[in-house]
1. Please report the relative contact order for chain A, taking Cα pairs under 8 Å with a sequence separation of at least 6, and give it as a percent rounded to a whole number.
2. Return the FRET efficiency for the residue pair B:Gln84, A:Arg151: r is the Cβ-Cβ distance, R0 is 30 Å, and the value is rounded to the nearest 0.05.
3. At 0.36 nm per residue, minus the direct Cα-Cα distance, what do A:Val77 and A:Gln116 gain on full extension? Give it in nm, one decimal, please.
4. Go ahead and collect, in residue order, the members of the stretch A:138-171 whose backbone nitrogen is under 12 Å from a label point 7 Å along the Cα-Cβ direction of A:Ser108.
5. Please report how far the C-alpha centroid of the stretch A:75-105 lies from that of the stretch B:57-119, rounded to the nearest whole angstrom.
6. Find which of A:Phe69, A:Leu143, A:Asn9 sits farthest along the positive direction of the dipole of chain A, computed with +1 on the beta-carbon of Lys and Arg, -1 on that of Asp and Glu, about the Cα centre.
7. Can you give the local net charge around A:Gln116? Use residues other than it whose beta-carbon is closer than 10 angstrom to its beta-carbon, Lys and Arg +1, Asp and Glu -1.
8. Quick check: with the 1.4 Å probe, what order do A:Asp166, A:Asp60 take by accessible area, largest first?
2 protein chains.
Amino acid sequence: TFAPPPAVNDPMWGYFTAIAGQDGEIDAEELQRCLTQSGFSGSYTPFSLDTCRIMIAMLDRDMTGTMGFNEFKELFVALNGWKQNFMMFDRDRSGTVEPHEMAQAVASMGYRISPQALNAIVKRYSKGGRIFFDDYVACCVKLRTLTETFRKRDVMQQGTVNFQYDDFILCTMAV
Amino acid sequence: TFAPPPAVNDPMWGYFTAIAGQDGEIDAEELQRCLTQSGFSGSYTPFSLDTCRIMIAMLDRDMTGTMGFNEFKELFVALNGWKQNFMMFDRDRSGTVEPHEMAQAVASMGYRISPQALNAIVKRYSKGGRIFFDDYVACCVKLRTLTETFRKRDVMQQGTVNFQYDDFILCTMAV
Ligand SMILES: [Ca+2]
Ligand SMILES: [Ca+2]
Ligand SMILES: [Ca+2]
């Protein structure tokens, strides 16, 4: 009996192909359009192109700068998690998370980070002392990517990693 | 005889204090306003808040998230250099630098980077296959900061550095 490839049965497949166009891959600009049109951010600020670029870099193992279908689905799983997380910490529905809430959010995602590093993160991703949704997601994308990069190299789980200059630049410039 | 502090004689001092306001320090939003109003970008795209944040992080040794007068002057020296550099490589005055020109630009700044890392950089900072001024500067800021971070830790100049997880996150999340 005939069995279609799994993607055809997947409700997101039609959506994906419509966005991806002829090349069957989604780049940062297509992703930004898709996230804006789908209303993913709701009443929150829409995603900047910069944030969309690092979303792609997070999952772009073959470094083409684009996303295939599986990566696209993986991204939505991550995005939904961060959105729920953000809404949970934005208790007063102001559309922003405050610095002290950011510490809780980061801890709840399982990252163990010193107050000094957390302070640097808050400074980098806040605006007028508050963290907006787009910046929150950018921060989550980056934290996840850098932590994965680190863990992949920390084979013995010593909490310490050796970087060659070029590898360091490669890993850190893309996010 | 009375000698005023050096800053008072500096033509940029009045400019700095006008932007910095009461606290005598410039934050990312003040910097963005200042760079926009001064017309620094000329006909190029103005700097995004994101780019202004990493400009501050580049020079923010005490990690306050703000810039003092000396840091402000240091930033202008760097910015002027990058602007000249960009204009030199944007030969057709399209307002963008093309990927192959980016390779030359990065090399001319003295960075030795593999084709793979360069490819990742181009993917990250280009839009429709071209690199705009704002992204070019963001790329330069990041490359300079990360290279300095690396060199500072590579005391023996072996081209390899050991990072603890928290230090790695601290250095890479802020830019
Ligand atoms: Ca809030
Ligand atoms: Ca400072
Ligand atoms: Ca050009």
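1. The normalised contact order for chain A reaches 21 percent.
2. Working: r = 41 Å, r/R0 = 1.37.
My answer for the efficiency is 0.15.
3. Values: separation 39, 0.36 × 39 = 14.04 nm, distance 2.99 nm.
So the chain would gain 11.1 nm between A:Val77 and A:Gln116.
4. It comes to no residues whatsoever.
5. 33
6. A:Leu143
7. Values: positive: none; negative: B:Asp166, B:Asp167.
Around A:Gln116, the charge tally is -2.
8. Details: A:Asp166 45, A:Asp60 15 Å².
Most to least solvent-accessible, the answer reads A:Asp166, A:Asp60.
The values are calculated or read from the model by the stated rules, or taken from the named source; none is laboratory data. In this text the structure is predicted, and so the values were computed from the model without any measurement. Positions of Cβ are generated from backbone atoms using ideal geometry, with glycine treated the same way; all protein chains shown enter the neighbour counts. Just the protein is used for accessible areas: all its heavy atoms, side chains included, with ligands, DNA and RNA removed. Shrake-Rupley method; radii C 1.70, N 1.55, O 1.52, S 1.80 Å.
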